[in-house]
Structures are given as structure tokens and as C-alpha cells.
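Below: the structure, in C-alpha cells.
The values are calculated or read from the model by the stated rules, or taken from the named source; none is laboratory data. For clarity, every value in this text was computed on a predicted model and none was experimentally measured. Heads up, the Cβs are rebuilt from the backbone with ideal geometry, glycines too, and the neighbour counts pull from every protein chain shown. Remember, those area values only see protein heavy atoms, side chains included, never the ligands or the DNA or RNA. Shrake-Rupley method; radii C 1.70, N 1.55, O 1.52, S 1.80 Å.
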Amino acid sequence: MSLYIESLGRGPDVVMLHGWGLHGGVFSRVAERLAGRYCLHLVDLPGHGASASRHPFDADDIADLLAAQFPWPAHVVGWSLGGLLAQHWAARHPAQVKSLALIASSPRFVKQDGWPHAQERKAIEGVGASLDSAFELTLERFLALQMLGAPGARETLKALREELFAHGRPQGLLPALELLLMADARALAPAIHCPVGLFFGAKDAITPIGAGRWLAETLADATLYEFPQASHAPFLSHEEEFVAKLAAHLDQHA
């Protein structure tokens, strides 16, 4: 299975993995600002954007698919769902992942005993239940939730809406949502040895800052970058600050 990938720039390779419901184009502005010194690969994950759907949407299988698509050492940047897949990639193919940058991501997206750093299961299930009957409205509401509490949320949400169907109507969102309901990658943490930058918004309701702090304490080599006024997409709401911190992370481990 091939993936739709847009590449730009020249230099060390950086693979960028988007969140649920979107596509690689969500990173366009960040990638353009880094293209003078890095080669950025913006991936549409299976069932998103212009990439064919995959059922089941299995994290290990997709990590192997990414490893086959990029069989050379690269930095991997993953937002939300993309960050979950990046954790699997780094654990399964450590020689290929030079560093990780996890943006508002987590090993576990559902609350349970001993893991308060997530949403209630019913919140994610509600998104899935309304996909068939109100597809576009459901995605727009989900985007609005990602911006909740962030300054300039209206402008950021407008930019996200404009990107939503830029690569076509996604065909495989439900299997990816099922992965978010089931996934628990906490056991992978000891197998992730590369340097990890953690980029988290303090106002994030989807992946609360506690998930970032847990990763910072648990991973072997991790640095947490907190954005006090950001929600679930600091790379959009706080682009200038985010790009500066991501560039510093990449430069340090190039």
C-alpha cells in the first residue's frame, strides 16, 4: 500500500504525521518555514486525505508501512494520532528514527483508572457515532474542540476548516478512531531511546498536559515544551514559538 506524500525543502529528512480527521497539508506552514534547512515529508495517513483507507487501522502495521516508505534515518514529527503512530515506529524501528517530536499526543487517548490524562471514552465514541449521519459537521465540531481555550481560536479554526478537504474527502476515519479508543502504548516507552521533544498546550482538553509530563518522566531522553495558552494544536495557534522550538530540537539532533 502506498501513501500520499508531499515533500519540500532540502537537508536532513523530517517526516510529519498529522492528527485524526486531517491530512499532511495541516503542516504546510510549518514545513515551509523549515524547508530552507530540512527536507519535509508531509504524509497523508491511511484513510485520510488522498491515501487509501486501511481496515483495521493497526498501529504496528502502519508503523511498518511508514518504515518501508522511509527506509533511512529520519526525524519524525507526530501530532495527536500521528504521535501515537510515531511512538510505535520509534519502538519497532529504532535505527530509522533519529528523533521524535510529539505534539499534543499520548500513549493513551481514553481515561481509565490510573490514567486521568485523557478524554472520557464517550466523547470519542460520540464522534464516531455521528460520522455517518453528519460527516462534515462532526469534523468541524471536532476541530472546534481542538482549539478550545486557545487565544485566536477563531482564526486558527478558520485555517483548519480551509484545510479539511483540501486533499479530498477522507474515506477511512472510523477505523482510525477505533484505534484511538483501544490504543495503550505506555508499554512502548522503555523501547524508545531516541531524543524526544514533547510539545503540549496547557489548555488541551483532548491530550491534557499530564500526558506530556508522564512522557517526559518516563521516556529515556525527553524534553517537555509547554505552551501555557495553547490547546490541542500549538503549531497552529502559536506558530512562531512552535517553529522556533521545533527547529531547535531538530538542529540539536540533526
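Values computed for the structure shown
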item	result
Which label in [x] 23, 20, 19; [y] 46, 23, 14; [z] 37, 28, 17 gives the computed semi-axes √(5λ) of the Cα gyration tensor in Å	[x]
Accessible area in the full protein assembly, largest first, 1.4 Å probe, for 182, 16	182, 16
Sites matching chymotrypsin sites (Phe, Trp or Tyr not before Pro) across region 204-241 that sit in DSSP coil, with at most 15 neighbouring C-beta atoms within 10 Å	none
Charged-residue dipole, Cβ positions (Lys, Arg, Asp, Glu), the chain about Cα centre, Debye nearest 20	220 debye
Out-of-range pairs (alpha-carbon distance over 27 Å; input 111/203; 98/158; 158/203; 203/245)	98/158
Chain lengthening between residue 165 and residue 111 when straightened (0.36 nm per residue, less Cα-Cα)	16.4 nm
Å² of accessible area per residue within region 1-83, as computed with a 1.4 Å probe and no ligands counted	34 Å²
Sulfur and carbon atoms: percent of accessible area, region 1-43 [1.4 Å]	44 percent
Residue 245 accessible area, 1.4 Å probe, all protein chains in place, Å² to nearest 10	50 Å²
Taking region 87-233 and dividing mean pair separation by its residue count, relative contact order in percent (alpha carbons under 8 Å, at least six apart)	37 percent
DSSP bridge orientation in region 1-159 - percent antiparallel, rounded to nearest 5	30 percent
Environment charge of residue 201, counting only residues whose C-beta is closer than 12 Å and scoring Lys/Arg +1, Asp/Glu -1	-2
12 Å beta-carbon shell around residue 112, net charge (K/R +1, D/E -1)	+1
The chain, relative contact order [Cα under 8 Å, separation at least 6], %	22 percent
